[in-house]
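What follows is one structure encoded as structure tokens, with my remarks underneath.
The values are calculated or read from the model by the stated rules, or taken from the named source; none is laboratory data. Fair warning: this is a prediction, and the values are worked out from it, not measured in the lab. All Cβ positions, glycine included, derive from the backbone under ideal geometry; neighbour counts span all protein chains shown. Surface areas here come from the heavy atoms of the whole protein model, side chains and all, with no ligands, DNA or RNA. Shrake-Rupley method; radii C 1.70, N 1.55, O 1.52, S 1.80 Å.
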Amino acid sequence: MIGKYKILIITLFGAMMLASNIASASVVTHEFNNGDSLANWNVDRAAPSSFSIINNELVMSIDGDDYPDSRGNFYDTQGMQLDIGKSSYLSIDIYVDSSWSNSERFAGMWGVARNSSDDISAYPILEYQGPGFDGPNAGFNIWDNSGWQGITTLFDFNTFNTLEFLVTGAGIEYYLNNTLVHTDVSSGTTYLSAVILNAKNDGTSFDVRYDNLKYGSVPEPSVIALFGVGLL
């Protein structure tokens, strides 16, 4: 009997390792180490004052003297975009500075979502906004095709916070620090084709620190869970 249990445990462990390998095998990670290339990034809307790797982090700088843009408010959002193929998963770490206390939009992560016809279906956004911009609290606001969905305060100041999008059969799931905070079920999205890192220039100069960009195709957690249960 003990032998059977050992075989079962070993088999389950192997299945878990296989599932883990499947989940990570097609995921690309950019650690933004000193010397890494940013050549594949392209300007989105308007270029920030700088976009470079400093101390093994990606740093995007916003110059308040560039505000307002002579081309109109649309170009006051400054950032860079990267093609990520056909990804079901996208995440990045962003440092939230306690000095970001103005009532304005600061920075976050945007995805470019597409449907089965390869048409753009949504722009999922998790974006840090200062107190007073959309309610009394500072925090990350959630954007889907219905507009801003409200602030979530599941973040910490003066440290890196993890933002994630996961495309599933049910829609786009939004995660903040490993907690599901929103699901968009209306867009018909089948994959994410690009990531946009940008910030809104409202006349304030500040830096945005990013790290550990990850994207790729991963199985849904429910699929992995069912695989384990079936084996048991």
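Could you check the spin-label model distance between ASP156 and TYR123? Points 7 Å from the Cα along Cα→Cβ, value in nm.
Label at ASP156, label at TYR123, 3.2 nm between them.
In nm, to one decimal, how far is the modelled label at ASP69 from the one at SER205, with both set 7 Å along Cα→Cβ?
Simple spin-label model gives 2.0 nm for this pair.
Length gain on complete extension for the stretch LEU82 to ASN34, per 0.36 nm per residue less the alpha carbon to alpha carbon distance?
15.4 nm
What is the dipole size for segment 99-232, taken about its Cα centre, with +1 at each Lys and Arg Cβ and -1 at each Asp and Glu Cβ, in debye to the nearest 20?
It comes to approximately 120 debye.
Sort the following peptides by mean Cβ neighbour count (other Cβ atoms within 10 Å, averaged over residues), highest first: 198-207, 87-96, 45-54.
The peptides rank, most packed first, as 87-96, 198-207, 45-54.
Calculate what fraction, in whole %, of the accessible area of segment 77-188 sits on carbon and sulfur atoms when a 1.4 Å probe is rolled over the protein chains.
About 43 percent, which is the carbon plus sulfur part of the accessible surface.
Just the accessible area per residue of segment 63-182, please: how many Å² with a 1.4 Å probe?
42 Å²
Any chance you could list the semi-axes, whole Å, largest first, of the equivalent ellipsoid that the Cα gyration tensor gives for segment 59-201, using √(5λ)?
Ellipsoid semi-axes (Å, largest first): 24, 18, 14.
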